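The values are calculated or read from the model by the stated rules, or taken from the named source; none is laboratory data. Because the structure is predicted, anything quoted here is derived from the model rather than measured. Here the Cβ positions follow ideal geometry from the backbone for every residue, glycine too, while neighbour counts run over all protein chains shown. Please note that ligands, DNA and RNA were not included when accessible areas were found on the heavy atoms of the full protein model with its side chains. Shrake-Rupley method; radii C 1.70, N 1.55, O 1.52, S 1.80 Å.
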Amino acid sequence: MEPHVLLISFSSQAHIASCFRLGEALACRGVTVTFVTLSKHISQIRKVYTDEQLKSQRINLVGLDGVEKGNIFQKAKDFEESFKPYFEELLRNQKAGKAGPTCLMADRFLYWTKVMSLTLLHPHCILSLILSRRCILVLLEELIACLLRLFV
């Protein structure tokens with residue numbers, strides 16, 4: 001089984017940029033990445049990257065239909081509601097024996113992802129993506145070493 005990270009980003013520009021950079025760094029090291037955020041942000045990513053570029057980097061984009069309103073905690077709760085249909089699809093695929101993500105990584109504001117990852121039986125990592133570039137690289141190397149131990 002090859003490492004495949006489901007990377008879920010909070011719907012904020014700084015979080016999306018940091019999370020996507022982490023996804024690119026993982027993909028450069030042979031990890032398949034499925035990047036999930038709201039559809040309106042996915043459309044912005046598609047303005048920068050072609051489908052061919054994303055495919056060659058092993059990055060899949062999943063856009064969720066949803067709204068953003070209220071404070072940060074309400075936005076996180078709204079995002080959970082937006083994520084539920086995709087989560088149900090992941091569960092159906094898993095029950096059908098289809099390959100899917102082997103690890104779930106989420107922005108720290110998306111606290112509900114821990115329960116979902118336990119349901120999917122994935123190793124789970126909640127991390128703060130507001131880090132310096134150097135911290136991200138150190139964290140990335142540790143994460144890749146961990147993923148390789150799990151799947152090699």
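Worth pointing out:
- For segment 21-64, the candidate set comprises residues that are polar (S, T, N, Q) and within 13 Å of the chain's Cα centre (by Cα); within that set, the residue that is farthest from SER11 (Cα to Cα) is THR32.
- Considering the conditions (1) closer than 11 Å to VAL5 by Cβ; (2) at pLDDT below 85, THR113 is excluded by exactly one of them, (1).
- Checked against (1) in contact (Cβ under 8 Å) with a residue 12 or more places away in the chain; (2) under 16 Å from PHE20 (Cβ atoms), GLN53 meets all criteria but (1).
- Against the conditions (1) among the hydrophobic types (A, V, I, L, M, F, W, C); (2) within 18 Å of TRP112 (Cα to Cα); (3) touching a residue at least 40 places away in the same chain (Cβ under 8 Å), LEU22 satisfies every one except (2).
- Within segment 91-108, if we keep just the residues that are open to solvent by 20 Å² or more (accessible area, probe 1.4 Å) and among the aliphatic types (A, V, I, L, M), the residue that is modelled with the lowest pLDDT turns out to be ALA99.
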